[in-house]
1. Please enumerate the residues belonging to segment 23-36 that are surrounded by 12 or more Cβ atoms within 10 Å (Cβ to Cβ) and more than 12 Å from the chain's Cα centre (by Cα).
2. Restricting the first residue to segment 17-40 and requiring it to be farther than 11 Å from I66 by Cβ, which pairs with a second residue that is of a type in the set (V, I, T) and open to solvent by 80 Å² or more (accessible area, probe 1.4 Å) meet a Cβ separation below 7 Å and a spacing of at least six or different chains?
3. Do the conditions hold for K39, that is, is it part of a strand (DSSP E or B) and surrounded by fewer than 17 Cβ atoms within 10 Å (Cβ to Cβ)?
4. Report yes if some residue within segment 61-69 is exposed (fewer than 12 other Cβ atoms within 10 Å of the Cβ) and not hydrophobic (A, V, I, L, M, F, W, C); otherwise report no.
5. Consider I54 carefully, then state whether it is over 8 Å from the mean Cα position of the chain (by Cα) and open to solvent by less than 30 Å² (accessible area, probe 1.4 Å).
6. Quick check on segment 45-70: of everything there that is among the hydrophobic types (A, V, I, L, M, F, W, C) and in a strand (DSSP E or B), which residue is farthest from I32 (Cα to Cα)?
7. Residues that are of a type in the set (S, T, N, Q), assigned to a loop (DSSP other than H, G, I, E, B) and open to solvent by 50 Å² or more (accessible area, probe 1.4 Å): does segment 9-22 have at least one?
Amino acid sequence: MQVLDSNGKELKDGDSVQVIKDLKVKGTNTTIKIGTVMKKIRLTSNPGEVDGKIDGTKMVLKTEFIKKRK
């Protein structure tokens, strides 16, 4: 199963990704700002989502809102 970011680049476990737009976090007043980095992602069973931590909080982000960092 191939998981792609918003630019069509393949993502793998352990990659670092960057958020490409401000995202509201459901159930909180928190917003993830554009440019925020999520390190050491884990792929989920859903090819449209990745799992990781931002500021110590576990989150699942849709791949359409992230891009792979070099």
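The values are calculated or read from the model by the stated rules, or taken from the named source; none is laboratory data. Just so it is clear, the model here is predicted, and its values are computed rather than measured. FYI the Cβ positions are ideal-geometry reconstructions off the backbone, even for glycines, and counts take in every protein chain you see. SASA here: full protein model, heavy atoms, side chains in, ligands and nucleic acids out. Shrake-Rupley method; radii C 1.70, N 1.55, O 1.52, S 1.80 Å.
1. Once the filter is applied, which keeps residues that are surrounded by 12 or more Cβ atoms within 10 Å (Cβ to Cβ) and more than 12 Å from the chain's Cα centre (by Cα), segment 23-36 yields V25, T30.
2. Every condition considered, the pairs that remain are D22/I34.
3. yes
4. No; the residues of segment 61-69 include none that is exposed (fewer than 12 other Cβ atoms within 10 Å of the Cβ) and not hydrophobic (A, V, I, L, M, F, W, C).
5. It is true that I54 is over 8 Å from the mean Cα position of the chain (by Cα) and open to solvent by less than 30 Å² (accessible area, probe 1.4 Å).
6. In this case the residue turns out to be V50.
7. No - not one qualifying residue is present in segment 9-22.
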